[in-house]
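Following: one structure in structure tokens, then a few remarks.
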Amino acid sequence: MIQRCATILLIILPAIAGPPASGTTVVGIRGAQFTINGQVTYTPAAGFPHADPNLAGTLLNVRAVQAIFDDANYPKQGSRANPYHSNTLGDIFWDYPDGPWAPERNVREFLAALPAWRRSGVLAFTVNLQGGGPPDGNYGEKVTLQPHNNSGFDEQGNLKPAYAGRLRRVVAEADRLGMVAIVGFFYFGSNERIEVAPDDRYVKEAIRQGCRFLKELPYRNVLIEINNEMNPRTYKHRILQPDGALDAVLLAQQTVDRQIPVSMS
């Protein structure tokens, strides 16, 4: 269950070098260029002798935001087939042709695909703690709460252990392969799973917990994308809207001690 589409990063704030991690892959930003282990990407020095020179310093990536997907409503509301979309797999949309939906199978098959992606020259991928566009394509006429419940945070902004476990495995495998994980925290249609408060206390807690989790991992092959396609119409929390974006970035940077680059799009 992998979703691919274009992503535009509007702001990426570089990290300050912190203590060395035990991982093997370190992403960096040098001016306007990305580096991996100190080498500008897609250059001969980085192991790409035949790459188009225009690719130097870029970070080609696959939008795989559903790699750690699960649906807390499964097999009830949200998991049912969308009547407006073709479904030949039965009444439960997430089910596999040969068995029921399983988040463990989903992440395992994703991890198995990564070596081939890397051999093809893909250096990064995006994985989100609240997914992305609904896998069944059911946005509805307005952007509202998605019927399935795919959120790595609970109502008070606590990071769910099962999501954290799957994300840890994804980051570790990317590190082993020399790849970068762009970790998104929130997505519209799912950010409402976190309780809305006038002071944004719960979504701030989610930012803190997500950032602390990534900081404490022994890897530095990570970029943080706080939320995707920031828009006042689609996000319910002030701090996830354009007027609050700086507060979210500063909170994340403070929490990771500027050891991990932070972005929004």
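FYI, it's all coordinate maths here, none of it is from the lab. Remember, predicted model here, so these are calculated numbers, not experimental data. Glycine also receives a Cβ, built like all others from the backbone with ideal geometry; neighbour counts cover every protein chain displayed.
Coupling constants for region 165-179 follow from the phi torsions by the Karplus curve (6.51 cos²θ - 1.76 cosθ + 1.60, θ = phi - 60°), and in residue order they are x, 5, 5, 4, 5, 5, 5, 5, 5, 4, 4, 4, 8, x, 10 Hz; glycine and proline get x. Dipole orientation for region 164-230: of the candidates Phe213, Phe186, Val196, Phe213 has the Cα lying most toward the positive pole (charges on Cβ; Lys, Arg +1; Asp, Glu -1).
Compute the FRET efficiency between Ala32 and Ser120 as 1/(1 + (r/R0)^6), taking r as their Cβ-Cβ distance and R0 = 25 Å, and round to the nearest 0.05. Mind showing how you got there, number by number?
On the way: r = 25 Å, r/R0 = 0.99.
In this case the efficiency is close to 0.50.
With K and R counted +1 and D and E -1, the other residues having a Cβ less than 15 Å from that of Val262 yield a net charge of +3. Dividing the mean sequence gap of close Cα pairs (under 8 Å, 6+ apart) by how many residues region 120-257 holds gives a relative contact order of 28 percent.
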